[in-house]
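To keep things clear, I will list the structure first and then write my remarks on it.
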Amino acid sequence: MKQVLKEVIFKGVPISEGIAMGKLLFAEPWKGGHTPEFSINAPEIHKEIIRYRQAIFLSQKDLYHIQNILFREGAIEAVSIIDAHIQMLKDPFMNAFMEKKIRQIMKNIEYVFRLVITEYETKFAGTTNGSVRQKLLDVKDLSQRVLCNLHPKKQAMAKEIPPRSIIFGQELTPSQTAETSSELVKGFVTEICGTTSHTALIMRAKGIPCVANVNVELLLEYNHTSAIVDGYSGIVIINPEANTYEKYHQKGQTTSPLLIPIDPSSVSDQTMTQDCCKVSVSANIEHLDDLDLVKLYQVDEIGLCRSEFLFLGKDLRSFSEEEQYLMYRQVITRAGGRRVIFRAFDIGGDKGNCSLSPSSESNPSLGCRAIRFLLSHQDFFVLQLRALLRITSLGPMSILLPLISDVTELIEAKTLIQSVVTDLRSQGYQIIDNIQIGAMIEVPSAVLTCDLIAKECDFFSIGTNDLIQYTLATDRVSHNTQPYYKPTHPSIIRMIDHLIRETKKHRLPVNVCGEMAADPLMIPLLLGLGVRRLSCAPRYIPKIKKMISSLSLTQTKLLIKEILYCKTAPEVEHILKDHYQDLIASLTQSCS
Ligand code: PEP
Ligand code: MG
């Protein structure tokens, strides 16, 4: 008699949308094998240094190869993450440090490298800080690659993966994820993976569904067993019964995680609701290549250029005014006449790629970040301002100031900008008049004093990612605090409501540029609250435009009246899902 296997369900956290059906395959954590240890004598030092440089070179080559795969797959956002890894490998301080260590310890490079990395890992092990954890995983990822390249026999994970695999493991590294072929790997299940971690971003960019927070030890029993990963609701079903399989088979066909229409001409340039309200949809960019998608998806403007990401991985202090100017000039030229809102460097907190930023703040997100950092390092800020202001005659652009928490910061920054304009003009540069200056609203104090801030600037941009973090006192990166990170929390809704009401009085344009603007379920909420400008990563634009043009503004306004009475985030979410879940499912179908 044929044995009927029991269906088992694991509940986790959805990380990357989509349905995956396939066979579970355990990804062994990389233990690095045996690290040889032997002493070397003085004449051999040079040989070890050459071996180290060669391994770094090969690792960079691997990463460029991964970038090309990602680019071909259209996972543009993931390309810049890998770029950060390449820059870490190129870091002259790290390389000089390693070479110095070989000379000091007089042992083979594998041993010295492993020693340095282990010291680093031990120092930060057990950290609950999301960005430190992310950095730790990046370092682990890179060190595995370098050690592999020091051994003659390299790991060949991708080649050994059978088609339709669902990879599961404790924690996957960004490059491991980037390297997997989306033709072979249909899904991921992990124990640890923060929603905004690099690994998660790459999974989403590649369109591979993932569920995290699943006990991998329990799952091991089911290695090589059939499973379904539901990246929408965050469940993993082992040995699915025939009707479960059928249900998910249909769901999988009607939903596509990528949601990019095959025919870009189907994406409208004007985005209007059913009752003819125009909504502007613009793009958040972090990389020059993002600008290709901007053209494809007929974007109104670049609503947010995260300038610090243009130079990702490299120490921002190392860029001269001229180098920065050339980069901004490329952005404005490739934007093809669309306005670009350049955000001044957002350094510190979960970002931080500047050697000037404080390395030992106990709480970097509450420390010397963004505008605070810029105003306390004015030489550095002036350099960026000079480079930015020099492109004002090349195309429409505005400057956005991150993390304004007090109107005096804005006034101080504006005074500085004005003095830089005067200096540049006196040096013969052509700088246009009336450069628009905006404030990022992402701290509760800025929301509560937005009437004061509004009088001093030309537009607002609501950074919901940070606004949620700071309002709900929850780390936006850490997985542990993810349950507290609630975009539909009444406090967030009230804040946006207050901001929109106040800015109407001042006739100030307001843009929402956080992740909320990329989530179709949040669109009726934002429109109902009065938001008319949204900015999100290019790949979400088709989906967001379709959502807007399927909505009735009148209905969203009515719904907000009910939502403003809700006491909890799940209540709000329930109302939104009740009204729009089916619409989103049908749009997904038409988009794929
Ligand atoms: C935000 O905080 O919502 C935002 C858009 O800025 P970033 O994610 O770069 O902090
Ligand atoms: Mg922010």
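Using Cα pairs under 8 angstrom and six or more residues apart, how large is the relative contact order of the chain, in percent?
Across the chain, relative contact order equals 16 percent.
Can you compute the FRET efficiency between Leu452 and Lys295 using 1/(1 + (r/R0)^6), with r the Cβ-Cβ distance and R0 = 45 Å? Round to the nearest 0.05.
Computed FRET efficiency for Leu452 and Lys295 comes out at 0.70.
With respect to the cross-link table entries Lys6/Lys186; Lys11/Lys545; Lys100/Lys206, which display a Cα-Cα separation exceeding 30 Å?
Over 30 Å Cα-Cα: Lys11/Lys545; Lys100/Lys206.
Once you charge only the Cβ atoms, +1 for Lys and Arg and -1 for Asp and Glu, what is the size of the charge dipole of the chain about its Cα centre, to the nearest 20 debye?
That gives the chain a dipole magnitude of about 460 debye.
Add -39500 (n - 2.57) for each DSSP H run of 4 or more in the chain, then divide by its residues: what number comes out at 222 nm, to the nearest 500 deg cm²/dmol?
-15000 deg cm²/dmol
Using the Cβ atoms and a cut-off under 12 Å, what net charge is assigned to the surroundings of Met440, where Lys and Arg are +1 and Asp and Glu are -1?
Its environment carries a net charge of -1.
Find out how many positive minus negative residues lie around Lys123, taking Lys and Arg as positive, Asp and Glu as negative, among other residues whose Cβ is under 14 Å from that of Lys123.
Taking every other residue near Lys123 into account, the sum is +1.
Length gain on complete extension for the stretch Arg329 to Glu37, per 0.36 nm per residue less the alpha carbon to alpha carbon distance?
100.1 nm
By DSSP, what percent of the beta bridges with both residues in the chain are antiparallel, rounded to the nearest 5?
Approximately 35 percent, going by the DSSP bridge assignments.
Label the range 164-208 by shape, choosing from rounded, prolate and oblate, from the square roots a ≥ b ≥ c of the eigenvalues of the Cα gyration tensor; if a/c is under 1.5 it is rounded, and otherwise prolate applies when a/b is larger than b/c, oblate when it is not.
It comes out oblate by the Cα gyration axes.
Within the range 451-592, what whole-number % of the accessible surface is contributed by carbon and sulfur, with the 1.4 Å probe and all protein chains included in the calculation?
51
Just grab the label-to-label distance for His249 and Gln170, each label 7 Å out from Cα along the Cβ direction, in nm (one decimal).
3.8
Subtract the Cα-Cα distance of Arg317 and Gln54 from 0.36 nm times their separation in residues, and report this length gain in nm to one decimal.
That pair, Arg317 and Gln54, stretches by 91.9 nm at full extension.
According to a simple spin-label model (label point 7 Å from Cα along Cα-to-Cβ), what is the distance in nm between Gln378 and Ser426?
Computed distance between label sites Ser426 and Gln378 equals 1.4 nm.
Going toward the positive end of the dipole of the range 435-592, with +1 on Lys and Arg Cβ and -1 on Asp and Glu Cβ, which of Ser478, Ala585, Gly514 do you reach last?
Of the listed residues, the answer is Ala585.
So for the range 303-445, what are the equivalent ellipsoid semi-axes in whole Å, largest first, each being the square root of 5 times an eigenvalue of the Cα gyration tensor?
With the √(5λ) rule applied to the range 303-445, the semi-axes are 24, 17, 15 Å.
Under the classification rounded if a/c is under 1.5, otherwise prolate if a/b is larger than b/c and oblate if not, where does the range 472-592 fall, given a ≥ b ≥ c as square roots of the Cα gyration tensor eigenvalues?
Note, shape of the range 472-592 comes out rounded.
Counting only C-alpha contacts under 8 Å and six or more residues apart, can you give the relative contact order of the range 24-132 as a whole percent?
About 39 percent, as a whole number.
Kirkwood hydrodynamic radius, the range 114-236, all distinct C-alpha pairs: what's the number in Å?
15.5
Work out how much length Leu5 to Glu562 would gain on full extension: take 0.36 nm times their residue separation and subtract the Cα-Cα distance, in nm to one decimal.
195.9 nm
Hey, got the dipole for the range 518-592? About the Cα centre, +1 on K and R Cβ, -1 on D and E Cβ, debye to the nearest 20?
So the magnitude is around 380 debye.
Kindly identify the range 525-592 as rounded, prolate or oblate by the Cα gyration tensor criterion: order the square roots of the eigenvalues as a ≥ b ≥ c, call it rounded if a/c is under 1.5, otherwise compare a/b with b/c, prolate if a/b is larger, else oblate.
prolate
Taking the Cα centre of the range 174-249 as origin, sum charge times position over the Cβ atoms of Lys and Arg (+1) and Asp and Glu (-1), and report the length of that vector in debye to the nearest 20.
Taking the Cα centre of the range 174-249 as origin, the dipole is about 280 debye.
Select from Thr35, Ile560, Met440 the residue farthest towards the positive end of the dipole of the chain; place +1 on Cβ of Lys and Arg, -1 on Cβ of Asp and Glu, and compute about the Cα centre.
Going by the Cα projections, it comes out as Thr35.
Using Cα pairs under 8 angstrom and six or more residues apart, how large is the relative contact order of the range 95-212, in percent?
Normalised by residue count, the contact order of the range 95-212 is 18 percent.
Give the peptides 341-349, 215-223 in descending order of average Cβ contacts within 10 Å, highest first.
Most protected by this proxy first, the peptides run 341-349, 215-223.
Calculate how many DSSP beta bridges within the range 409-539 are antiparallel, expressed in % of all such bridges and rounded to the nearest 5.
The antiparallel proportion sits near 0 percent.
How big is the Cα convex hull of the chain in projection, averaged over all directions, in nm²?
The orientation-averaged projected area of the Cα hull of the chain comes to 28.9 nm².
Going toward the positive end of the dipole of the chain, with +1 on Lys and Arg Cβ and -1 on Asp and Glu Cβ, which of Ser491, Tyr232, Ser181 do you reach last?
Ser181
For a protection proxy built on the mean count of beta-carbon atoms within 10 angstrom, sort 237-250, 513-526, 400-413 highest first, please.
Going by the mean number of other Cβ atoms within 10 Å, highest first, we get 513-526, 400-413, 237-250.
The values are calculated or read from the model by the stated rules, or taken from the named source; none is laboratory data. If you're wondering where the values come from, they're calculated on a predicted model, not measured in any experiment. For neighbour counting, all protein chains shown are included, and Cβ atoms are generated from backbone atoms with ideal geometry for every residue, glycine included. SASA here: full protein model, heavy atoms, side chains in, ligands and nucleic acids out. Shrake-Rupley method; radii C 1.70, N 1.55, O 1.52, S 1.80 Å.
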